[in-house]
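S.K.: Structure incoming, see below.
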Amino acid sequence: MVRKGDSSSKTRDGQLNASAVNLFDFSNGVVSTQARINPSTSTGSFAGATGYLFFNGVGTTSGPFVARLEITGQICNADDDDN
C-alpha cells in the first residue's frame with residue numbers, strides 16, 4: 001500500500017513538518033517512508049529548515065499499528081552556512 005500525506009515530529013525545540021510518501025508491505029510488515037521537510041510550516045529551531053528524512057523498519061503490532069524504525073536523513077537549518 002502507498003500513502004501520501006503530511007508528517008510532523010514535535011520536540012522541545014519546535015515542530016518539524018514534512019510531506020511524506022509511505023510504503024507498507026502488509027505481507028511481511030515492512031515500512032518505508034521518504035519525507036521532504038517543509039520549511040514554511042516547521043516551527044521553533046526548525047523554522048525555515050530544509051532537507052529529507054528516511055524511515056525504514058518493520059511493524060511490530062497491528063492494532064494499533066506500531067513499527068520499529070531506523071531514521072536517517074539531513075536537516076539543514078535556515079541559519080546554517082551550508083544551506
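S.K.: What do you reckon, is Ser8 out of contact with any Pro (no Cβ under 6 Å at 6 or more places or on another chain), surrounded by 14 or more Cβ atoms within 10 Å (Cβ to Cβ), of a type in the set (Gly, Ala, Ser) and touching a residue at least 12 places away in the same chain (Cβ under 8 Å)?
M.R.: So Ser8 fails the test.
S.K.: On to the next question. Go through segment 33-45 and report how many residues are surrounded by 15 or more Cβ atoms within 10 Å (Cβ to Cβ) and under 13 Å from the mean Cα position of the chain (by Cα).
M.R.: Looking only at that region, the number is 6.
S.K.: Could you tell me how many of the residues in segment 72-83 are of a type outside the set (S, T, N, Q), at pLDDT 85 or above and over 15 Å from the mean Cα position of the chain (by Cα)?
M.R.: 0
S.K.: Outside any loop (DSSP other than H, G, I, E, B), in contact with a strand residue (DSSP E or B) (Cβ under 7 Å, 6 or more places away or on another chain), among the small types (Gly, Ala, Ser) and buried (at least 16 other Cβ atoms within 10 Å of the Cβ) - does that describe any residue in segment 15-25?
M.R.: The answer is yes, given that some residue of segment 15-25 is outside any loop (DSSP other than H, G, I, E, B), in contact with a strand residue (DSSP E or B) (Cβ under 7 Å, 6 or more places away or on another chain), among the small types (Gly, Ala, Ser) and buried (at least 16 other Cβ atoms within 10 Å of the Cβ).
S.K.: Quick test for you: out of Leu69, Leu23, Leu16, pick the one residue that is of a type in the set (A, V, I, L, M) and within 10 Å of the chain's Cα centre (by Cα).
M.R.: Leu16
The values are calculated or read from the model by the stated rules, or taken from the named source; none is laboratory data. Just so it is clear, the model here is predicted, and its values are computed rather than measured. Every residue, glycine among them, receives a Cβ derived from its backbone with ideal geometry; neighbour counts consider all protein chains shown.
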